[in-house]
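The values are calculated or read from the model by the stated rules, or taken from the named source; none is laboratory data. All of these numbers come straight from a predicted model, not from anything done at the bench. Reconstructed Cβ throughout: ideal geometry from the backbone, glycine too, with neighbour counts over all protein chains shown. Please note that ligands, DNA and RNA were not included when accessible areas were found on the heavy atoms of the full protein model with its side chains. Shrake-Rupley method; radii C 1.70, N 1.55, O 1.52, S 1.80 Å.
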Amino acid sequence: SVPQGPVSKGNHERPDPHLLQTIARHSLFDGVPLSTLEPLLERCETRRLGVGEILLAPGQTNQTLYLLLEGQLTARTDRADSEQGFVIGPGECTGEISVVDCRPATAFVVADRPSRVLALPEAELWEGFLGVPRIARNFVRLFADRFRARTEAMQKALEQQLRYEQMQKELRIAQEIQMGMLPRDLDLAPEIEIAAEMTPAQLVGGDFYDAFPVGAEDCCLAIGDVSGKGVPAALFMVRILTLLRTELLKDQPLDDALNKVNATLCQDNPTCMFGTLVVAIVNRRTGHVRYINAGHDPILQGDRGIVYRALPPPRGILIGVDEGAVYEVASLRLSRNDVLVLYTDGVTEAMSRAHEAFSADRLLACLGDRPALSAAELVERVKRAVREFTAGAPPSDDVTLAILRYQGP
C-alpha cells in the first residue's frame, strides 16, 4: 500500500520538566519512580502530530515504540482515511508489534486529533527501559491488553458476520415464500393470455402482481408497488394481495371492493405504509375491461399489439393513505390481439450507469418495435431492453411486468 499522506518525520521535542509528569502518568511507567525514569528519557524525544498526519504506514520499517501522551490515534489496515479501525487513546502505545517481530508496519496509524507521542527507540527500549522490571511488566501487560482488545474486536466481527449470514439465509427463505405467493399458472382462459414477472431489487421486495378468475367469465389482472423496500414492504405486499383477492372474489362492484381494501389498510397501519395499485377485470368472452388506478403508472394499451398508448387513469389515490378515498372505474373494449401492459416504476426508472432513466418513451418504443407472438415474448423483450440499458448498474427498485394479450372473438 502507498501512504495517503506524508509520514510524520518531524516536530521533535526533548522532554522537559513540564512533560515529565505527563510522561510519568503513562501506563508503561505505572509504579516507576520519577528518579528512575528521568535518566532513561534523556535519549528519547516527543513528537507532535497534526490532524490527519500519518505516524506509521504499511510496509514502513519501524524501530520505535510510540507512547501516546495526548490526543487520539487510529490504526487502519486498508487505507489512511478509512472509517474502520482501532482507536488508540492516551496511555496506550503503537508500533510495538513491528518492534517485537522486526518486521515492517502492517497498518496506517493516523492522528485523528492534535496529538503528542513519546518515541522510544528500539535500542533504548530493550537495553534501558525493559531492564527495569516494573516497566518490563507494564510493557507485557500493554501488549496483552492490545492483543486482547483486537481478539475481542475480531470475535465481535465474526459474530456479526455469522448474524449477517443467518439473516441472509432467512431473507432467502422469505424470498422463496414471497415468490411462491405470486401466481405461476397464468393460463386462465383460451381467450386471455397472460405473462408476468417480478424481479426484486433486494432479496425481497414490495412489488407484486396477481392474476385469477373472477366468476365464470371474468379474469382479474393486478399489479402494485408498496412504499419502501425489503422485509417491511414484502409484508405489506402480502397483506394487500390477501385483501385484494378476498374482496374481488365477492359478488360486488369493483370500486366497492377497492374501497374496502383501502379502508382496511388505513385502519390498521401503524407504520403508515402505502401502495399504488392497478386492477383490471377482463371479460374473456366480450373483451370488456373495467379498471381502477390507485396512484399507479397508467396502463398501456397496444392496438393489435402494434401501436401502444397510455390509458387515461381514472380518479384514485394511493391505497393505505385516506380511509375515505373514492376510486373511479374506467372501461374499454379489447379487440382480438389487443394488449394491456401493466408495469411498476422500477421499469421506467431503471437507471443506466450514466444515471439516465429508462423512461416511459423507451418502454413504448420497445413494445411497439414489432408485433409480438405472445405476451411472454413481450415480457422478455422489455426485460432484455432494460437489462441492456442499465448495463449491469445495480437496480434501484423492483422491476415488475404483467402483460395481457386478448385472443377472443
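Which condition breaks for PHE389 when tested against (1) in contact (Cβ under 8 Å) with a residue 24 or more places away in the chain; (2) surrounded by fewer than 17 Cβ atoms within 10 Å (Cβ to Cβ); (3) more than 30 Å from LEU258 (Cβ to Cβ)?
(2)
Test of understanding: among ALA375, ALA402, which residue is open to solvent by less than 10 Å² (accessible area, probe 1.4 Å), over 32 Å from the mean Cα position of the chain (by Cα) and under 24 Å from ASN283 (Cβ atoms)?
Testing whether each residue is open to solvent by less than 10 Å² (accessible area, probe 1.4 Å), over 32 Å from the mean Cα position of the chain (by Cα) and under 24 Å from ASN283 (Cβ atoms) leaves just ALA375.
With the requirement that a residue be of a type in the set (Asp, Glu) and at pLDDT below 90, what does segment 61-91 give you?
Residues satisfying the conditions are ASP78, ASP81, GLU83.
For segment 231-255, give me each residue that is in a loop (DSSP other than H, G, I, E, B) and either over 22 Å from LEU340 (Cβ atoms) or of a type in the set (Phe, Trp, Tyr) (or both). Full working, then the answer.
Step one: list which residues in segment 231-255 are in a loop (DSSP other than H, G, I, E, B), which gives 249-253.
Within segment 231-255, LYS250, ASP251, GLN252 qualify.
Quickly run through segment 106-115 and pick out the residues that are surrounded by fewer than 20 Cβ atoms within 10 Å (Cβ to Cβ) and modelled with pLDDT of 90 or more. Give the derivation first.
The first filter runs over segment 106-115 and keeps only residues surrounded by fewer than 20 Cβ atoms within 10 Å (Cβ to Cβ), leaving 106, 112-114.
If the condition is that a residue be surrounded by fewer than 20 Cβ atoms within 10 Å (Cβ to Cβ) and modelled with pLDDT of 90 or more, then ASP112, ARG113, PRO114 are the ones that fit.
Kindly indicate the residue of segment 92-105 that is farther than 14 Å from LEU28 by Cβ and assigned to a loop (DSSP other than H, G, I, E, B) and also modelled with the lowest pLDDT among those meeting that condition.
That would be CYS102.
Can you tell me which residue among GLN72, GLN60, GLN84 is among the polar types (S, T, N, Q), in contact with a strand residue (DSSP E or B) (Cβ under 8 Å, 6 or more places away or on another chain) and closer than 27 Å to GLN21 by Cα?
Answer to the selection: GLN72.
Working carefully through the options LEU40, LEU69, find the one that is in a helix (DSSP H, G or I), surrounded by 14 or more Cβ atoms within 10 Å (Cβ to Cβ) and not hydroxyl-bearing (Ser, Thr, Tyr). Before the answer, list the steps.
Working: LEU69 fails: in a helix (DSSP H, G or I).
Of LEU40, LEU69, the one residue that is in a helix (DSSP H, G or I), surrounded by 14 or more Cβ atoms within 10 Å (Cβ to Cβ) and not hydroxyl-bearing (Ser, Thr, Tyr) is LEU40.
How many residues are part of a strand (DSSP E or B), charged (D, E, K, R) and buried (at least 21 other Cβ atoms within 10 Å of the Cβ) when one looks only at segment 260-311? Quick ask: steps written out before the conclusion?
The initial filter retains those residues of segment 260-311 that are part of a strand (DSSP E or B), namely 275-283, 288-294, 300-303, 307-310.
Keeping just the survivors that are charged (D, E, K, R) gives 290, 303, 309.
Those left that are additionally buried (at least 21 other Cβ atoms within 10 Å of the Cβ): none.
Number satisfying all stated conditions: 0.
State all residues of segment 163-181 that are at pLDDT 75 or above and open to solvent by less than 100 Å² (accessible area, probe 1.4 Å); if no residue qualifies, say none.
Result: GLU165, GLN166.
Can you find a residue that is surrounded by 14 or more Cβ atoms within 10 Å (Cβ to Cβ), in contact (Cβ under 8 Å) with a residue 60 or more places away in the chain and basic (Lys, Arg) anywhere in segment 354-364?
So far as segment 354-364 goes, no, none of its residues is surrounded by 14 or more Cβ atoms within 10 Å (Cβ to Cβ), in contact (Cβ under 8 Å) with a residue 60 or more places away in the chain and basic (Lys, Arg).
So which residues in segment 204-230 are assigned to a loop (DSSP other than H, G, I, E, B) and either in contact with a Lys or Arg (Cβ under 6 Å, 6 or more places away or on another chain) or buried (at least 20 other Cβ atoms within 10 Å of the Cβ) (or both)?
Passing the criteria: VAL204, GLY205, GLY206, GLU217.
At least 2 residues that are among the small types (Gly, Ala, Ser) in each: list the helices (runs of 4 or more DSSP H) lying fully within segment 342-409 that qualify.
Working: elements: 345-348, 360-367, 375-390.
Once the helices (runs of 4 or more DSSP H) in segment 342-409 are filtered for at least 2 residues that are among the small types (Gly, Ala, Ser), what remains is 360-367, 375-390.
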